[in-house]
Amino acid sequence: MTEDRYSRFRVLEGIGESGLRRLREARVAVVGIGGLGSVSARQLASLGVGSLRIVDRDVVELSNLQRQLLYTDKDIGMPKVEVAMNRLHQINDDVVVEPLALSVTEATADRVVAGITVVIDGLDSFKPRFAINRACVRQKVPYVFAGALSAIGNMTTILPGKTACLECIFSGVTVDQPTCATVGIYPTVLGVIANFQVQEAIRIILGRSPLLANQLLMFDISRFQLDQIPIQAHDACSVCGRDAQISKPVIDSAIEITELCTEETFLVHSNNPVPIDLIRASELLHDHYPIIAQSELGVQIQYGTGVDVSIVGEGNILIKGVKSSENAEAIYHQILYAIKDALIV
Ligand SMILES: [Zn+2]
């Protein structure tokens, strides 16, 4: 028996060299690399999945560190996708990591899903999940949904055209309350659910039937109770039903403002993002504000007392320490004006 990085996986029944090759040829998107996504991305990289697309618009915060296992103290203020990419390369340099520092919306979801073998959900709210669900149905990409809050995690595997989609199950869910900032989350439940997601992804990559097709799994770590509820596709579903029309995404406004799970933090992003020369942007901002952190995909400044602003990737502006979306929007416009000479038009 040859010993190498993958030898303990190769010997599993039904894996062998062909199973490893399938993993190597797979392209997995981990959408959101927080509590769930940092566990699943790390596991997928170790396993030897050939290509990982990691998607997140956030920066690393102190309150992330106790459960988001890719990050350390020295990463605070840096874009998650950038830190995660470097860490995943350290874990397994065989893996090609593609970082996408963007907000998942109707305008960007198709790009997130394009060319992907299976999508792993690491998001923390329903609006972007519905956008991913629609893009997955449009492009016929399997989507392993999961969510977790407090001690409970849930999960299902969506095979477009074969199983219920997210809209069939959660249609009409618009408000994401309560969030993990208010009720908390057991890190252990994230570990369990994220590993279940990876296991489903492995099954899909190997050409096996997923275990959670048309099944909603509910796991309560406070009692170690695991349940599965049968679900079914709805004929009248607006996304996957008989008369569904999802050929084109609907984009409602020029900018979107979202209150994040982290307290007093708002994300403002453009639905038509303009690429930003971040080195130039940081020079321009340096004239007016202290720079807290700077890297290839992001820059963070101290905007005022208790208010930090981060620019991440393509025009995502995170504003921390403000009480209202109006305040956040005003700061967004001010920052965009300050860096107008750094916009690549
Ligand atoms: Zn549906």
ask   = Listed residues A201, A213, A281; which is more than 30 Å from G50 (Cα to Cα) and small (G, A, S)?
value = A281
query = If you go through the range 199-223 one residue at a time, how many are in contact with a Leu (Cβ under 8 Å, 6 or more places away or on another chain) and within 16 Å of the ligand (Cβ to nearest atom)?
reply = 1
key: Hey, L226 in a loop (DSSP other than H, G, I, E, B) and more than 16 Å from the ligand (Cβ to nearest atom) or not   = no
note = Here, helices (runs of 4 or more DSSP H) confined to the range 35-138 with at least 3 residues that are closer than 20 Å to F196 by Cα are 37-47
query = How do the pairs read when you match residues in the range 318-343 that are among the polar types (S, T, N, Q) with residues anywhere that are not in a helix (DSSP H, G or I), using Cβ under 6 Å and keeping only pairs 6 or more apart or on different chains?
reply = S325/I257; S325/F266
message = Here's a check for you: in the range 303-344, which residue that is over 22 Å from D56 (Cα atoms) and polar (S, T, N, Q) is nearest to the chain's Cα centre (by Cα)?
response = S324
Per-region count, the range 133-178, residues away from the ligand (no atom under 13 Å from the Cβ) and among the acidic types (D, E) = 1
ask   = Quick check, is N195 out of contact with any Gly (no Cβ under 9 Å at 6 or more places or on another chain) and surrounded by 21 or more Cβ atoms within 10 Å (Cβ to Cβ)?
value = no
key: Test for D58: is it surrounded by fewer than 23 Cβ atoms within 10 Å (Cβ to Cβ) and charged (D, E, K, R)   = no
ask   = Which of the residues that make up the range 88-129 are under 19 Å from V141 (Cβ atoms), within 14 Å of the chain's Cα centre (by Cα) and among the polar types (S, T, N, Q)?
value = T105, T108
message = Condition check: crowded, with 23+ Cβ neighbours inside 10 Å and hydroxyl-bearing (S, T, Y). Does S125 satisfy that?
response = no
query = Is it true that some residue in the range 51-60 is farther than 23 Å from A146 by Cα and not assigned by TED's automatic domain parsing to the domain that holds Q294?
reply = no
key: Cross-chain or 6+ apart pairs with Cβ under 8 Å, the range 227-244 first and outside the structural domain of G153 (by TED's automatic domain parsing), then open to solvent by 70 Å² or more (accessible area, probe 1.4 Å) and away from the ligand (no atom under 11 Å from the Cβ)   = A236/D243
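Yes/no per residue for (1) at pLDDT 95 or above; (2) farther than 28 Å from T265 by Cβ; (3) polar (S, T, N, Q):
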site: A135; (1), (2), (3): yes, no, no
site: L149; (1), (2), (3): no, no, no
site: M155; (1), (2), (3): yes, no, no
site: K162; (1), (2), (3): yes, yes, no
site: S171; (1), (2), (3): no, yes, yes
site: A181; (1), (2), (3): no, no, no
site: F196; (1), (2), (3): yes, yes, no
site: N214; (1), (2), (3): yes, yes, yes
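The values are calculated or read from the model by the stated rules, or taken from the named source; none is laboratory data. Nothing here was measured: the structure is a model prediction, and the numbers come from that model. Because the Cβ atoms are built from the backbone with ideal geometry, glycine has one as well, and the counts that use them run over all protein chains shown. Note: accessible area is taken over every heavy atom of the protein model, side chains too, but ligands, DNA and RNA are not part of it. Shrake-Rupley method; radii C 1.70, N 1.55, O 1.52, S 1.80 Å.
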